[in-house]
Amino acid sequence: MVNLSLYTVRAMAILDSEGNRLVAKYYSRGPHAQNYKAVKEQRKFENELFSKTRKSSGEVILYDGHTVLFKYVNDVYFYLVGDPEENELLLSAVLSGLVEATSLLLKHSVDKRNILDNLDMVVLALDEAVDDGIALETDPNVIASNVSKRGVDTIDVSLSSLNEQVLLDVYKQAKERFNRSMLK
């Protein structure tokens, strides 16, 4: 019998065309504890994974006891690591959603420089798609919308409260002037 769990993702990584880490998240919850706890082990895993996949034409491989899905976009590799018995279609949907959301957030210009310049949005997109190893969202429009809302909400709230304050001050001043002119 298969042990069903919500914890479907073991790791997500974005590497450049030379195999250097741009972003990586490793998850250690769920029934299968994650093997790569030290940064040195993570880097070794990423380098070996990169060397295995850089000339591969497929999108799914079984590597080091994990199901690994990857996509190459311009000069960046997106990796999603799951358990060997995990559903590849689910993992593929999560990875595709993340790649497309990243593309939407970066205005269809996904490359190393743009990812590093907009690292905050990319990490938020990663967190919107997967939280602590649980796949939350696969729709790229929803992921991009949730990420872009976070920045807009804080600006809108501060501007609206500022506008309300200015209007209240103007109203108070007008009321005081009117009262003074009526008393004279």
> In the structure shown, do any of LYS40/LYS149; LYS52/LYS107; LYS37/LYS107; LYS112/LYS149 have a Cα-Cα gap over 26 Å, and if so which?
Replying inline: LYS40/LYS149; LYS52/LYS107; LYS37/LYS107
> Considering only protein heavy atoms, what is the solvent-accessible area of SER56 at a probe of 1.4 Å, reported in Å² to the nearest 10?
Replying inline: 50 Å²
> Using modelled amide H (1.01 Å from N, peptide plane; none on Pro or chain starts), what sits under 5 Å from the amide H of ALA11, excluding residues fewer than 5 places away?
Replying inline: TYR27, VAL81
>> What aspartates and glutamates does LYS55 reach when the alpha-carbon gap must be under 17 Å and sequence neighbours fewer than 8 apart in one chain are set aside?
In response: ASP16, GLU18, GLU46, ASP75
> What order, most packed first, do the peptides 76-86, 12-22 have when packing is the mean number of other Cβ atoms within 10 Å of each residue?
Replying inline: 76-86, 12-22
> Straight-line reach from LYS175: which aspartates and glutamates have a Cα under 19 Å away, not including same-chain ones fewer than 8 places off?
Replying inline: GLU164
>> Once you order the gyration tensor axes a ≥ b ≥ c over the Cα atoms, which shape class does region 80-137 get: rounded for a/c under 1.5, otherwise prolate or oblate by comparing a/b with b/c?
In response: prolate
> VAL23's amide H: which non-local residues (gap 5+, or another chain) put their own amide H closer than 5 Å, with H modeled 1.01 Å from N in plane and none for Pro or chain starts?
Replying inline: ILE14
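The values are calculated or read from the model by the stated rules, or taken from the named source; none is laboratory data. Keep in mind the model is a prediction, meaning the values are calculated, not measured. Reconstructed Cβ throughout: ideal geometry from the backbone, glycine too, with neighbour counts over all protein chains shown. Accessible surface is based on the protein model in full, side chains and every heavy atom, while ligands, DNA and RNA are left aside. Shrake-Rupley method; radii C 1.70, N 1.55, O 1.52, S 1.80 Å.
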